[in-house]
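Novice: To start, I am sharing the structure in question, which I have written as C-alpha cells.
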Amino acid sequence: MGRMKVSLAALVTLAFCFSANACPPGDRAALLAFKAALNEPYLGIFNSWAGTDCCTNWYGVSCDPDRRVADIVLRGESEDPIFEKAGRSGYMSGEIAASVCQLDRLTTLVVADWKAIAGEIPACIPSSLPILRIFDIVGNQISGKIPADIGSLGRLTVLNLADNKLTGAIPPSIVNLGSLMHLDLTNNKLTGEIPSDVGKLTMMSRALLSRNQLTGSIPSSFANIYRLADIDLSMNRISGSIPAQLGTMPVLSTLNLDSNRLSGSIPTSLLSSAGLNVLNISRNSLEGNLPDVFGPKTYFTVLDLSYNQLRGSIPKSLSSAKYIGHLDLSYNHLCGPIPVGSPFDHLEASSFANNDCLCGSPLRTC
C-alpha cells in the first residue's frame, strides 16, 4: 500500500511538471495547424515541432515569460547550422494559415525568403494580433491585397511585404501605423496612388515602394517625416513634378525616383541639399536647365540625371563640389563645354553620351 502512495505522489509531481513545461494547448494547436499548411521538404525544420512544450526547442518559436508564443521567425536564407550543413537556402510551399491569428500574444511573425509560399495574407492578422511589432513575409509568392485594416497594428515597427505578388492599392489605413520605422513593399504588383497623408508616419526611416505599378504624384507630405533617410519610388508609373520639399528633409540621404513619368524641372533644393548623397532621377521626362547650385558641401556618391529632357550647359559650380562619385548626364539635350577639374577628370565619355552638343574632355575638343 505504501508503495502505491509513493507512486501516486510521483505521478502527481510528474503531471505538475508536465503541465508547467507545456505551452498552452491553444497555442500548440495553432502552431500545428500553421505547420500543416506548409511543406518544407529539404531541411526538416518542422521535425522539432513535436511534444507538448512548444516554447522549448521548436525551431523558430519563442515564448514570453507567461509561456505564450511570442515569436515565429522562419527565414529561408539563414546562417543557421541546419542551412550550412545542407549547403542550400530554404524552399517552402503552402500558405500562411489563418490559425496564426489565434496566437494573440505574437510580437514577431517572420516567414521570409521561402520562394514558393503562396496564398493570401490572412485577413484576420490586423484585428487578431494587437501587439505585433514585426511582420516580414519578404521573398515568397503571396498574392491578393494588403488587408484594408492593416493600420490597426498600432505597435508595428517593421512591415516587409517585398518580393511577392500582392495586388490592389496601398490601404489608406497604413498611415495609422504610428510606430512604423521600416516599410518595404518593393517588387509587387501594387496599383493606385501613395496615400497623400503618408507624412503621418512620423517614425519611419525607410520607405521602399519600388518596382510596382503605382500612379499619381509624389506626396509632398513625405517631407514631414523627420527621420526618413531612404525613399525609393523607382520603377513605377508616378507622374507630376518632384516636390521641392524633399530637398529640405534633414536626414534624407537616398532618393531613388528613376524610371517613372515625372515631369517639370529639377528642384534646386535637391541638388543643393547637404545631406542627400544618392540621387537617381533618371529615365523620366524632366526638363529645363540644370540648377547652378553646387558648392563645397556638395557630396554625391551617385548623381544620375540621365535619360531626361534637360537642356542648357553643365553648371561650372559642379567642379567646386566636395565629392561626386558616379555622375551620369547622358541622353539629355545638354550643350556647351564640359567643366574642367574634379569630378570631370575621372569620368568616362559614357557619362555624357547622347547629348546635343557637349564638348571637351572626355568627349571631343570644343
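Novice: Specify the residue that is modelled with the highest pLDDT; the eligible residues are those in the range 315-343 that are over 23 Å from Gly275 (Cβ atoms), hydrophobic (A, V, I, L, M, F, W, C) and part of a loop (DSSP other than H, G, I, E, B). Spell out the reasoning first.
Specialist: Within the range 315-343, the subset over 23 Å from Gly275 (Cβ atoms) is 316, 330-341.
Then drop every residue that is not hydrophobic (A, V, I, L, M, F, W, C), which leaves 334-335, 338, 340.
Remaining after also requiring part of a loop (DSSP other than H, G, I, E, B): 338, 340.
Values: Ile338: 93, Val340: 88.
Taking the candidates together, the pick is Ile338.
Novice: Given the criterion in contact with a Lys or Arg (Cβ under 8 Å, 6 or more places away or on another chain) and of a type in the set (A, V, I, L, M), identify the matching residue among Leu246, Leu214.
Specialist: Unique residue meeting the criteria: Leu214.
Novice: Identify all residues within the range 36-91 that are within 17 Å of Val110 (Cβ to Cβ) and among the aliphatic types (A, V, I, L, M); write none if there are none.
Specialist: Ala37, Leu38, Leu43, Ile45, Val61, Val69, Ala70, Ile72, Val73, Leu74, Ile82
Novice: Out of (1) among the hydroxyl-bearing types (Ser, Thr, Tyr); (2) loosely packed, with under 15 Cβ neighbours inside 10 Å; (3) in contact with a Phe, Trp or Tyr (Cβ under 6 Å, 6 or more places away or on another chain); (4) closer than 30 Å to Gly216 by Cα, the odd one out for Ser306 is which?
Specialist: Result: Ser306 passes all but (2).
This table checks each residue for (1) assigned to a loop (DSSP other than H, G, I, E, B); (2) crowded, with 17+ Cβ neighbours inside 10 Å.
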residue: Cys54; (1), (2): yes, yes
residue: Asp66; (1), (2): yes, no
residue: Ala70; (1), (2): no, yes
residue: Cys101; (1), (2): no, yes
residue: Leu106; (1), (2): yes, yes
residue: Pro126; (1), (2): no, yes
residue: Pro147; (1), (2): yes, yes
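Novice: Then there is this: Any chance you could count how many residues in the range 280-337 are among the hydroxyl-bearing types (Ser, Thr, Tyr), over 17 Å from Asn354 (Cα atoms) and under 30 Å from the mean Cα position of the chain (by Cα)?
Specialist: Qualifying residue count, the range 280-337: 4.
Novice: So, in the range 344-366, how many residues would count as being touching a helix residue (DSSP H, G or I) at 6+ places or on another chain (Cβ under 7 Å), outside any helix (DSSP H, G or I) and either hydrophobic (A, V, I, L, M, F, W, C) or surrounded by fewer than 14 Cβ atoms within 10 Å (Cβ to Cβ) (or both)?
Specialist: Here the count works out to 1.
Novice: Still on this structure, I have one more. Can Gly288 be described as at positive phi, at pLDDT below 95 and among the small types (Gly, Ala, Ser)?
Specialist: Numbers: at positive phi: yes; at pLDDT below 95: no; among the small types (Gly, Ala, Ser): yes.
Against the criterion (at positive phi, at pLDDT below 95 and among the small types (Gly, Ala, Ser)), Gly288 does not qualify.
Novice: Shifting gears a bit: Going through the range 158-184 one residue at a time, which ones are closer than 18 Å to Ile225 by Cα, buried (at least 18 other Cβ atoms within 10 Å of the Cβ) and out of contact with any Gly (no Cβ under 9 Å at 6 or more places or on another chain)?
Specialist: Val158, Leu159, Leu180, His182, Leu183, Asp184
Novice: Also, I was wondering about something else. Which of the numbered conditions does Ile281 fail, given that it passes all the others? Conditions: (1) surrounded by fewer than 21 Cβ atoms within 10 Å (Cβ to Cβ); (2) β-branched (Val, Ile, Thr); (3) under 23 Å from Thr254 (Cα atoms).
Specialist: (1)
Novice: When the residues of the range 292-307 are filtered to those that are hydroxyl-bearing (Ser, Thr, Tyr) and closer than 8 Å to Ala321 by Cβ, which remaining residue is modelled with the highest pLDDT?
Specialist: The first filter runs over the range 292-307 and keeps only residues hydroxyl-bearing (Ser, Thr, Tyr), leaving 298-299, 301, 306-307.
Among the residues that remain, those that are also closer than 8 Å to Ala321 by Cβ are: 298-299.
Numbers: Thr298: 91, Tyr299: 94.
In this case the residue turns out to be Tyr299.
Novice: Search the range 309-335 for residues being surrounded by fewer than 17 Cβ atoms within 10 Å (Cβ to Cβ) and hydroxyl-bearing (Ser, Thr, Tyr), and hand back the single one that is farthest from Leu257 (Cα to Cα).
Specialist: Ser320
Novice: Among the residues of the range 14-23, is there at least one that is more than 13 Å from Val100 (Cβ to Cβ), at pLDDT 90 or above, out of contact with any Pro (no Cβ under 6 Å at 6 or more places or on another chain) and not in a loop (DSSP other than H, G, I, E, B)?
Specialist: no
Novice: Based on this model, can you work out whether Ser282 counts as out of contact with any Gly (no Cβ under 6 Å at 6 or more places or on another chain), more than 23 Å from Thr186 (Cα to Cα) and either not aromatic (Phe, Trp, Tyr) or not in a helix (DSSP H, G or I) (or both)?
Specialist: Working: out of contact with any Gly (no Cβ under 6 Å at 6 or more places or on another chain): yes; more than 23 Å from Thr186 (Cα to Cα): no; either not aromatic (Phe, Trp, Tyr) or not in a helix (DSSP H, G or I) (or both): yes.
Taking the combined requirement at face value, the residue does not satisfy it.
Novice: Please verify whether Gly90 is outside any helix (DSSP H, G or I), at pLDDT 95 or above and in contact with a Gly (Cβ under 9 Å, 6 or more places away or on another chain), treating the condition exactly as stated.
Specialist: Spelling it out, it is not the case that Gly90 is outside any helix (DSSP H, G or I), at pLDDT 95 or above and in contact with a Gly (Cβ under 9 Å, 6 or more places away or on another chain).
Novice: What do you reckon, is Gly154 more than 25 Å from Met249 (Cα to Cα) and in contact (Cβ under 8 Å) with a residue 60 or more places away in the chain?
Specialist: No.
The values are calculated or read from the model by the stated rules, or taken from the named source; none is laboratory data. On a predicted model such as this, the values are computed, not experimentally measured, just so you know. Positions of Cβ are backbone-derived with ideal geometry, glycine not excepted, and every protein chain shown enters the neighbour counts.
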